[in-house]
Amino acid sequence: MWVYPLLEGVAGVNENLWADISKDFMAKNPGVSVDVQVLPWANRDDKLKTALSAGKGPDVAYLNDDQVPQHVENKALVPLDDILSSTEKNDYLPNPLKTLSYKGSIYSAPILLESQPNVYNTKLFNDIGINTYPTTWDELAQVAPKFKDKGLFVTYYPGALDESLNGSFYPFLWQAGGQIFNNDGSAAAFDSPEGLDALTFVTQLFQNGYTDKSGAISTPATGQTPLDLSKAAVGLTIGNDWANRLSKEWGPGILKVGPPLKRKIQISSGSVAGFSLFSDSKNKDASATWITYMTSPEVMKRILVPGGYFAPKKSVGSLYANDPILGELEKYLPMMRGGEVHPKARQVISTLAPEVQAAFLGKKSPQQALSDAAKAVDSLIKQG
């Protein structure tokens, strides 16, 4: 199996985790040998594709949600519909199972998901005399001028081209009721009234000075965003690492976790990952047993808790009930969704991002930016 470092810290911490889990599995399954290789995150998809094309790929690998469709299109993955029992399927939260499915079949057994709702700097809210926190677009827009009057931003929006749209524009599009692709994935769907609503709203945040305009051009160094420097009051799509850092920077008791924003739908981005079985595997039965073992509730906890990740299975229960930050993030898991399920998902982000940025910078109207992006994406999809 190929996996990637889920844990930070001393050298070998990831290898030790997998060695313990493998040892326990092999003790329960005599005659099966498991070799878990912890590989670097960098260029992982290219390395995997190269290995598979050379017939030297793994039996099982850890895949993120946007990797699944492209491997299915290459006929590299085994459907897991008959491998996962009905009990297991019913145990999963709906969103992660849907995100790791493609064309009606499950191709990766979910192992973790992220929770990225909103966080609030309660001190900044108190300083301007507000004790309620925005949970809708309209509420965010209503309080924005009061922060601007104090020389502050209501929020920070990561609009630079090196930022993924999964944590910036996409949540606004989903909240407006829009989608990136049409239902059969044959064309772009974001050039729509919902898409225009989303891009217009975010563009106005920049143009009205409610978010830092430099955020549309470059990504600040770690710890130097307006949120980190207490110059912005609401953090959008904030995951556990960033939330913990902000809590330390702001001081005890200042950070409050809240739900994602809502326009028509209250939703945010939460990447999903799982374990997939490859078609070229000569050990399919043993590999299927291994996947089932890793995603059992007890083993899932062993994988997730050291890194502060969240469980996609309901039976695991709360992993962080006593943690003031992770416990709150965990509450909003049902409001999270994974990335767009399409073999061109990554290329579409690269195609759409410059057009979205052009709207922020006033180089194009939101409608023109979406129209131009849709034409480019439709051409990309037709290339196959």
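Here, each number is a calculation from the coordinates, and none is a lab measurement. Because the structure is predicted, anything quoted here is derived from the model rather than measured. Cβ sites come from the backbone with ideal geometry, for glycine too, and all protein chains shown count toward neighbours.
Exposure proxy ranking for GLU114, GLU8, based on other Cβ atoms within 10 angstrom of each Cβ and starting from the fewest, stands as GLU8, GLU114.
Centre-to-centre separation between the Cα atoms of segment 1-35 and those of segment 144-169: 41 Å.
Taking the chain as a Gaussian network of alpha-carbon nodes connected by springs under 10 Å, the highest mean-square fluctuation of the residues ALA373, ALA311, ALA273 belongs to ALA373. Neighbour counting of Cβ atoms within 10 Å sorts the residues ARG245, ARG263, fewest neighbours leading, into ARG245, ARG263. Compared with the dominant principal axis of the Cα atoms in the chain, helix 44-53 is inclined by about 40°. Think of each Lys and Arg Cβ as +1 and each Asp and Glu Cβ as -1; about the Cα centre, that makes the dipole of segment 244-374 roughly 240 debye. Helix 366-382 and the longest principal axis of the Cα set of the chain meet at an angle near 20°.
How far is helix 13-28 tilted off the main Cα axis of the chain, in degrees rounded to 10, range 0 to 90? Taking the Cα atoms of the chain, the angle to 13-28 is about 40 degrees. How would segment 180-339 be classified by its alpha-carbon gyration tensor: rounded, prolate or oblate, with rounded meaning a/c under 1.5 and the a/b versus b/c comparison settling the rest? Taking the square roots of the gyration eigenvalues as a ≥ b ≥ c, segment 180-339 is oblate.
Placing +1 on each Lys and Arg Cβ and -1 on each Asp and Glu Cβ, with no other charges, gives segment 27-107 a dipole about its Cα centre of roughly 140 debye. Comparing PRO366, SER108, ASN183 along the charge dipole axis of the chain, the residue lying farthest to the positive side is PRO366, per the Cβ-charge model. Looking at segment 302-384, the pairs of alpha carbons with a distance over 21 Å make up 54% of the total. In terms of its alpha-carbon gyration tensor, segment 40-161 comes out prolate; a/c meets the 1.5 threshold, and the first ratio a/b outweighs b/c. Taking other C-beta atoms within 10 angstrom as a stand-in for reagent exposure, SER271, SER350 fall in the order SER350, SER271, fewest first. In terms of the Cα gyration tensor, with a ≥ b ≥ c the square roots of its eigenvalues, is segment 131-224 rounded because a/c is under 1.5, prolate because a/b exceeds b/c, or oblate? Oblate, since a/c reaches 1.5 and b/c is not below a/b. Sorted largest first, the principal axis extents computed over the alpha-carbon atoms of segment 265-350 equal 46, 37, 20 Å.
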